[in-house]
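What follows is a short report on a single structure.
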Amino acid sequence: MLSNTKKLRAGLAASAAVTAFALGIPAGASANCGGGGVTPAEIDICTPTPKARLLSNGMLMPPKSAPARVKAVIAAANRIRTKPYIYGGGHGKWWDRGYDCSGSVSYALHGGEFLESPLPSGPMERWGSPGEGRWITVYANAGHAYAEIAGFRWDTSGDASGTGPRWHEDLRDNIGYVPRHPLGY
């Protein structure tokens, strides 16, 4: 008779094998999808992140498969997407009349409960975990911060239709920026 732990492991292994097969990952592929054994935790790494959808009104619709906290980040960003750019905006209080770059990224992250208080762009270089995330990546340097969330850029720059926090389909050159992400996202 199998113990509960062994049954759980067997079930997870079977689930991982089915998922890997459905994704076209060869049997025995590793987390980098190139060889070795796939564990259930590693399947998520091999699965492409679904991209959100930008509506004509400028709102971003998250993919149905996005985690709840990612959906909350997108919902928060959507709430301020038409606010103007104001230097220092979003740093004295969450709801402000306008937002700067790090204030708008902070507001979005706060929506997903990833931040308790706003951060300037410099400290964002040390926030979260190093590197790019699957769902959310914050790019920061001493003078600017922006985020990529579910395949779209959340930024206060690079918009011909006005200033302030907006969603952008085009991603930008990340040279000179430190990538950080919330652990697990």
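The values are calculated or read from the model by the stated rules, or taken from the named source; none is laboratory data. Remember, it's a predicted structure, so these values are computed and weren't measured experimentally. Cβ sites come from the backbone with ideal geometry, for glycine too, and all protein chains shown count toward neighbours. Surface accessibility is based on the protein's heavy atoms, side chains included, excluding ligands, DNA and RNA. Shrake-Rupley method; radii C 1.70, N 1.55, O 1.52, S 1.80 Å.
Couple of notes before you dig in:
- In the range 51-60, residue nearest to Ala147 (Cα to Cα) [restricted to those that are open to solvent by 80 Å² or more (accessible area, probe 1.4 Å) and either touching a strand residue (DSSP E or B) at 6+ places or on another chain (Cβ under 7 Å) or of a type in the set (D, E, K, R) (or both)]: Lys51
- Residues within the range 108-141 that are more than 25 Å from Thr82 (Cα to Cα) and hydrophobic (A, V, I, L, M, F, W, C), tallied: 1
- Candidate set from the range 80-109 (those that are open to solvent by less than 30 Å² (accessible area, probe 1.4 Å) and among the polar types (S, T, N, Q)); member that is nearest to Tyr139 (Cα to Cα): Ser102
- Some residue of the range 47-55 being closer than 30 Å to Gly98 by Cβ, outside any loop (DSSP other than H, G, I, E, B), in contact with a Phe, Trp or Tyr (Cβ under 8 Å, 6 or more places away or on another chain) and at pLDDT 95 or above: yes
- Residue count for the range 131-145 satisfying the condition of being closer than 20 Å to Leu55 by Cα and either charged (D, E, K, R) or not in a loop (DSSP other than H, G, I, E, B) (or both): 1.
- Applying the criterion of being hydroxyl-bearing (Ser, Thr, Tyr) and open to solvent by 70 Å² or more (accessible area, probe 1.4 Å) to the residues of the range 150-185, the residue that is modelled with the highest pLDDT is Thr163.
- Among the candidates Ser117, Ser129, residue that is out of contact with any Asp or Glu (no Cβ under 7 Å at 6 or more places or on another chain), farther than 15 Å from Val73 by Cβ and open to solvent by 60 Å² or more (accessible area, probe 1.4 Å): Ser117
- Options Ser157, Ser129: the member that is touching a residue at least 24 places away in the same chain (Cβ under 8 Å) and more than 16 Å from the chain's Cα centre (by Cα): Ser157
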